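The values are calculated or read from the model by the stated rules, or taken from the named source; none is laboratory data. All figures in this text were calculated on a predicted structure; none of them were measured in a lab. Glycine also receives a Cβ, built like all others from the backbone with ideal geometry; neighbour counts cover every protein chain displayed.
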Amino acid sequence: MWRLLGVLLLVIVACDHNAQARPSDDDDRREERLHMVSRQIEARDVRDPRVLDAMRKVPRHLFVPEAERRFAYQDRPLPIGHRQTISQPYIVALMTELANVKPGDRVLEVGTGSGYQAAVLAEMGVEVFSIEIVEPLAKRAKKTLDALGYAKRVEVRHGDGYAGWPAHAPFDAIVVTAAPPKIPEPLKQQLKVGGHLVIPVGDYFQRLKVVTRTEKGFRDRSVAPVRFVPMTGKAQER
């Protein structure tokens with residue numbers, strides 16, 4: 001009998017060991033994230049180690065619809081519904097690096113979308129205030145962010161981000177993930193001195209720009225041609 005119990009115990013232990021030895025889905029996707037960072041982001045000269053580390057950690061596949069998850073770590077935007085997209089990983093990393101944030105900073109995000117950009121910023125230790133004009137997306141992003149443990153660092157609300165979020169201004173950085181025809185003045189005014197506004201600007205032909213607030217005014221520079229969904233709401237008023 002004792003021999004039989006011993007055999008059963010060995011079988012149970014072996015089964016448990018095999019169960020633990022099988023890689024989980026997240027383990028598999030972690031390898032994809034590592035490849036994404038090394039091949040798509042580091043290879044294209046994003047160098048900030050904090051950005052790279054955050055991109056390695058945030059599970060991008062959980063921010064896209066299930067039908068698109070097999071493509072989550074490819075370097076391209078993906079549809080998330082309501083005619084909106086999640087930006088390609090390289091662009092998320094580039095914009096995050098250009099924001100030049102540090103732990104404890106307060107950041108405004110205009111265009112929550114899937115919530116992925118907010119999660120990357122939160123992984124870097126900043127406080128994120130994110131506005132989404134499409135209400136179902138705002139609700140879904142908040143649910144995803146809360147489920148992944150970002151509730152303490154990310155506050156999401158539904159609304160038009162053109163006017164920013166004055167109640168929490170000024171911000172150390174502002175990241176805009178939709179393209180207005182021109183830079184909204186309220187966003188510039190809600191920057192701290194020394195803060196950076198990272199924003200795509202234009203209609204069909206768009207440029208990614210960085211606006212820095214100085215003691216004397218604003219300084220802006222053009223970084224690269226980009227293609228974002230247009231900013232809707234007040235931004236489209238002439």
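Would you check if there is a residue in region 135-153 being among the hydrophobic types (A, V, I, L, M, F, W, C), within 11 Å of the chain's Cα centre (by Cα) and either more than 25 Å from SER222 (Cα to Cα) or surrounded by 24 or more Cβ atoms within 10 Å (Cβ to Cβ) (or both)?
Checking region 135-153: at least one residue is among the hydrophobic types (A, V, I, L, M, F, W, C), within 11 Å of the chain's Cα centre (by Cα) and either more than 25 Å from SER222 (Cα to Cα) or surrounded by 24 or more Cβ atoms within 10 Å (Cβ to Cβ) (or both).
Could you please let me know if VAL211 is surrounded by 14 or more Cβ atoms within 10 Å (Cβ to Cβ), part of a strand (DSSP E or B) and modelled with pLDDT of 95 or more?
yes
Name the residue that is surrounded by the most Cβ atoms within 10 Å (Cβ to Cβ), counting only residues in region 154-194 that are over 14 Å from VAL107 (Cα atoms) and in contact (Cβ under 8 Å) with a residue 40 or more places away in the chain.
Filtering region 154-194 for residues that are over 14 Å from VAL107 (Cα atoms) and in contact (Cβ under 8 Å) with a residue 40 or more places away in the chain, the one surrounded by the most Cβ atoms within 10 Å (Cβ to Cβ) comes out as PRO180.
Exactly one of these conditions fails for ALA235: (1) in a strand (DSSP E or B); (2) in contact (Cβ under 8 Å) with a residue 24 or more places away in the chain; (3) of a type in the set (Gly, Ala, Ser). Give me its number.
(1)
Only one of these conditions is not met by THR85: (1) within 22 Å of LEU121 (Cβ to Cβ); (2) free of Cβ contacts under 8 Å to residues at least 40 places away in the same chain; (3) not aliphatic (A, V, I, L, M). Which number is it?
(2)
Just the residues that are basic (Lys, Arg) and closer than 23 Å to GLN189 by Cβ, please, taken from region 133-177.
ARG157
If ALA119 satisfies all but one of (1) in contact (Cβ under 8 Å) with a residue 24 or more places away in the chain; (2) part of a loop (DSSP other than H, G, I, E, B); (3) more than 20 Å from LEU187 (Cα to Cα), what's the number of the condition it fails?
Failed condition: (2).
How do the pairs read when you match residues in region 137-150 that are farther than 20 Å from MET124 by Cβ with residues anywhere that are of a type in the set (Lys, Arg), using Cβ under 7 Å and keeping only pairs 6 or more apart or on different chains?
Short answer, once both residue conditions are applied: ALA138/ARG157.
For every residue, the table says whether it meets (1) at positive phi; (2) surrounded by 15 or more Cβ atoms within 10 Å (Cβ to Cβ); (3) among the charged types (D, E, K, R); (4) outside any helix (DSSP H, G or I).
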{"residue": "ALA54", "(1), (2), (3), (4)": "no, yes, no, no"}
{"residue": "ARG69", "(1), (2), (3), (4)": "no, yes, yes, no"}
{"residue": "VAL92", "(1), (2), (3), (4)": "no, yes, no, no"}
{"residue": "MET95", "(1), (2), (3), (4)": "no, yes, no, no"}
{"residue": "PRO103", "(1), (2), (3), (4)": "no, no, no, yes"}
{"residue": "GLY113", "(1), (2), (3), (4)": "yes, yes, no, yes"}
{"residue": "GLY125", "(1), (2), (3), (4)": "yes, no, no, yes"}
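Show the residue pairs meeting these rules: Cβ distance below 8 Å; 6+ apart or different chains; first residue within region 26-51 and farther than 19 Å from ILE91 by Cβ and surrounded by 13 or more Cβ atoms within 10 Å (Cβ to Cβ); second residue among the aromatic types (Phe, Trp, Tyr) and modelled with pLDDT of 95 or more.
ARG29/TYR73
Please go through region 71-90 and pick out each residue that is outside any helix (DSSP H, G or I) and over 16 Å from the mean Cα position of the chain (by Cα).
GLY81, HIS82, ARG83
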